[in-house]
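Everything on this sheet refers to the single structure shown next.
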Number of protein chains: 2
Amino acid sequence: MRIGLLGFGVVGRGVYDLTASREDMTVAKVVCLEDVSLPDAEVTKNFQDVLKDDSIDTVIEAMGGLHPAYEFVKASIEAGKNIVTSNKALVATFYDELIPLAKEKGVCFRCTAAVGGGIGWLSELERARRMQTIEKVGGIMNGTCNYILDSMTRLGLGYDEALKQAQALGYAEANPTTDVEGIDTWHKVILSSNVAFGISLDTNTVPVAGISKITAADVENFTAHGLVCKLISTGKCAEGKVSAYVQPTLVKLGEPESAVPANFNLITLVGSASGRMSFYGQGAGRYPTAYNVVQDCADVLAGRGFYSPYGAKVAAENTDSMRYYVSGATDAWLEENAAERWNNAIITKPVTVEAMHAWRKENADAFIAAFAE
Amino acid sequence: MRIGLLGFGVVGRGVYDLTASREDMTVAKVVCLEDVSLPDAEVTKNFQDVLKDDSIDTVIEAMGGLHPAYEFVKASIEAGKNIVTSNKALVATFYDELIPLAKEKGVCFRCTAAVGGGIGWLSELERARRMQTIEKVGGIMNGTCNYILDSMTRLGLGYDEALKQAQALGYAEANPTTDVEGIDTWHKVILSSNVAFGISLDTNTVPVAGISKITAADVENFTAHGLVCKLISTGKCAEGKVSAYVQPTLVKLGEPESAVPANFNLITLVGSASGRMSFYGQGAGRYPTAYNVVQDCADVLAGRGFYSPYGAKVAAENTDSMRYYVSGATDAWLEENAAERWNNAIITKPVTVEAMHAWRKENADAFIAAFAE
């Protein structure tokens, strides 16, 4: 396998290192805007040098962002090259275009590192699907949020302080919006649901609530009630009805999710035969992520295409009811649905996921967290 | 694939059910000593009916026990049939004979359900090995022990009471020795180490301590110090030196192992690139186990042999030092190595795993538990 590697940042450099000693794959060209010189690969600033090189059969996209990653990946597929990427935003956003196109052109498309970093999550979903119906996917999919929530819970830090610490340690970016508002997790649960259920989720129907409005007072409330707050994603499919959402969730002490420390992930599937299976590992980082990119290359060599058949467009129906913890804002609707008060926070009666997220959209200062079923 | 299924107990029946609707595999014959009649398979009491049927290409061994499972599996390999088994005792005990024989005869040998039941642990080790060096394997591998320890910790039950409850729920057998003395876990960590490190462990050099001597007073001691006791296996390989052992281990509250409830397993690998990856699921039960047996059949169809190359015989060197909690017995050596006392129990200075297990062999009433590193 001769590889064109797009991007030479954290992941790209890791891929270069991990493939260096392998005989079955070679990074032939690296596209990178900085001046880098490498002993074993040609470095170019021009993507066309990869695209037009017929000796390159596989493109690894490790640039991140939507553009020009999308244009480069699309052009590569059209030129008959296999794709390996860790870019969850790209795959979740352009799923309807890229996955059918790869199939039409007969190339492999793998993106295992896009969900769970070092965890072989999508490849395990692929394996699980051969044998059973997947009923549920989701869990803790974002290390930045988990690090912040864990620090707030265990060290009693405030949100800003915990975020700063995460940034200092390299667990959060200078602009942390994508992580803390749950967008990263949202991309991951959409992609996971698509693979698990063989569908294409209408992304507009999947609501997301992040953690940026949580306060030390909220965490004190949770601790006093033996609860731990985690950002948890859910994708479910039962009798043709799909639901999917991302929200802070209150987990009882002693549940596996409650004990996930620092920047680790815990991702779960429930299958009709296997029951619950969970995967715990580092969801990010140079070598964990690069590890799964290189695993994908090995699967491309073994002729593995995408993880599941491309399926029909489906709108999520989030009509499940659950109780919510709400702080930071209130109004008549919320007061009507209040069942209890914890200091300044309201605990609602069971309300639908749909209704709660619609309310939150209108009340941008509110922090909401669901009680785990 | 035409299958000869040996045994029609919990796992065998599950395999029959899960394959019933598949087009790529058929259970053609079932060997079973009870009178069973099945719509789609011939039932026989005579193994020779499977062995001599050339249309049967794959034998699933779901009888358990060493004999006649060993003789049947060996004869099947010699007749050129692929083997799928969930029998950890069989594979760990006859590793040096069966694995090279399967290779010599060019047949597939899969035993994913032997470790972790529904968890795809050995197949994940196989995948991880393609890309990196495995440094460590192990964890909570026995649901019976975890159920007993969890009940003692959370409900304050005594050992006998917790065992009875586990038996009533079907989580422990009438004769629980293999589980509670750690033998089942011992087989699993030997097999996991063999696959992970590409070796054949000398089983005589792998010590095991079980949980049958633990008392409610021990658990009270642990709880008072924020610790949870779990039966944990360890296999490590560094610079050619292998260590391997099974022992009750004291884990801090908040560590992922501490939160594993009921009869669940949590099995971990540490890889040079991926870092820590853990797998959480039901380690036993009809459908979780049968699920991985059928997964193995799919891998046989894909031409997958064993998980790793058969490697050289290696003696474990258990020279790591750690502190131990010891109750129920004492003597001059133990008093010499005592650093602290918790009520009637002794906390030792760091002593080697080897020395501690040697002492325990001479003091059969003692309960020992290592402090997690």
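Some points to look at:
- Lone qualifier among A:Ser258, A:Ser243 - being modelled with pLDDT of 95 or more and either surrounded by fewer than 22 Cβ atoms within 10 Å (Cβ to Cβ) or of a type in the set (D, E, K, R) (or both): A:Ser243
- In region B:259-287, of all residues being small (Gly, Ala, Ser) and over 16 Å from the mean Cα position of the chain (by Cα), the one that is nearest to B:Leu155 (Cα to Cα) corresponds to B:Ala262.
- Matching option when the condition is within 13 Å of chain B (Cβ to nearest Cβ) and of a type in the set (A, V, I, L, M, F, W, C), among A:Val293, A:Val326, A:Val314: A:Val293
- Residue match in region B:229-240 (condition: on the phi > 0 side of the Ramachandran plot, of a type in the set (Gly, Ala, Ser) and modelled with pLDDT of 95 or more): no
- Every residue from region B:141-184 that is on the phi > 0 side of the Ramachandran plot and either touching a residue at least 60 places away in the same chain (Cβ under 8 Å) or of a type in the set (Lys, Arg) (or both): B:Gly156, B:Gly182
- With respect to the conditions (1) without any contact (Cβ under 8 Å) to a residue 40 or more places away in the chain; (2) over 30 Å from B:Pro309 (Cα atoms), B:Ile214 lacks only one, and its number is (1).
- Hits in region B:152-203 (condition: within 18 Å of B:Ile232 (Cβ to Cβ) and acidic (Asp, Glu)): B:Asp179, B:Glu181, B:Asp184
- Scanning region A:272-288 for residues that are closer than 24 Å to B:Ile140 by Cα and more than 7 Å from chain B (Cβ to nearest Cβ), we see that the one that is surrounded by the fewest Cβ atoms within 10 Å (Cβ to Cβ) is A:Ser272.
- Looking across A:Thr19, A:Thr93, one residue alone is touching a residue at least 40 places away in the same chain (Cβ under 8 Å) and buried (at least 20 other Cβ atoms within 10 Å of the Cβ). It is A:Thr19.
- Qualifying residue in region B:299-314 (condition: surrounded by 15 or more Cβ atoms within 10 Å (Cβ to Cβ), more than 30 Å from B:Gly12 (Cα to Cα), among the basic types (Lys, Arg) and out of contact with any helix residue (DSSP H, G or I) (no Cβ under 7 Å at 6 or more places or on another chain)): no
- Scanning region A:254-263 for residues that are facing another protein chain (nearest Cβ under 8 Å) and of a type in the set (A, V, I, L, M, F, W, C) gives A:Ala259, A:Val260.
- Condition met for B:Asn82 (more than 14 Å from chain A (Cβ to nearest Cβ), among the polar types (S, T, N, Q), under 30 Å from B:Ile140 (Cβ atoms) and surrounded by 18 or more Cβ atoms within 10 Å (Cβ to Cβ)): no
- Subset tally (residues that are small (Gly, Ala, Ser) and within 23 Å of the chain's Cα centre (by Cα)) for region A:312-338: 3
- Counting the residues of region A:44-63 that are touching a residue at least 60 places away in the same chain (Cβ under 8 Å) and either of a type in the set (S, T, N, Q) or touching a His at 6+ places or on another chain (Cβ under 6 Å) (or both) gives 1.
- Matching option when the condition is acidic (Asp, Glu), modelled with pLDDT under 95 and over 30 Å from B:Ala172 (Cβ atoms), among B:Asp53, B:Asp57, B:Asp49, B:Asp40: B:Asp40
- For B:Gln247, the criteria (1) closer than 28 Å to B:Ala358 by Cα; (2) within 11 Å of chain A (Cβ to nearest Cβ) hold in every case but one, which is (2).
- Annotation note: of B:Leu98, B:Leu122, B:Leu191, the sole residue that is under 14 Å from the mean Cα position of the chain (by Cα) and outside the structural domain of B:Tyr245 (by TED's automatic domain parsing) is B:Leu122.
- From the list A:Leu66, A:Leu33, A:Leu51, the one residue that fits, being within 20 Å of the chain's Cα centre (by Cα), surrounded by fewer than 20 Cβ atoms within 10 Å (Cβ to Cβ) and not assigned by TED's automatic domain parsing to the domain that holds A:Tyr310, is A:Leu66.
- The single condition among (1) without any contact (Cβ under 8 Å) to a residue 24 or more places away in the chain; (2) assigned to a strand (DSSP E or B) that B:Ile347 does not satisfy is (1).
- Residues of region A:243-261 that are closer than 18 Å to A:Ser151 by Cβ and of a type in the set (Gly, Ala, Ser): A:Ser258, A:Ala259.
- The single condition among (1) under 22 Å from the mean Cα position of the chain (by Cα); (2) among the aliphatic types (A, V, I, L, M); (3) within 24 Å of B:Arg129 (Cα to Cα) that B:Leu231 does not meet is (3).
- Single condition A:Leu334 does not satisfy, out of (1) at pLDDT 95 or above; (2) surrounded by fewer than 17 Cβ atoms within 10 Å (Cβ to Cβ): (2)
- Restricting attention to region B:136-150, the residues being more than 23 Å from B:Val294 (Cβ to Cβ) and within 13 Å of chain A (Cβ to nearest Cβ) number 4.
The values are calculated or read from the model by the stated rules, or taken from the named source; none is laboratory data. Here the structure is a predicted model, which means the values were calculated and not measured. Counting neighbours? That spans all protein chains shown, and the Cβs are built from the backbone with ideal geometry, glycine included.
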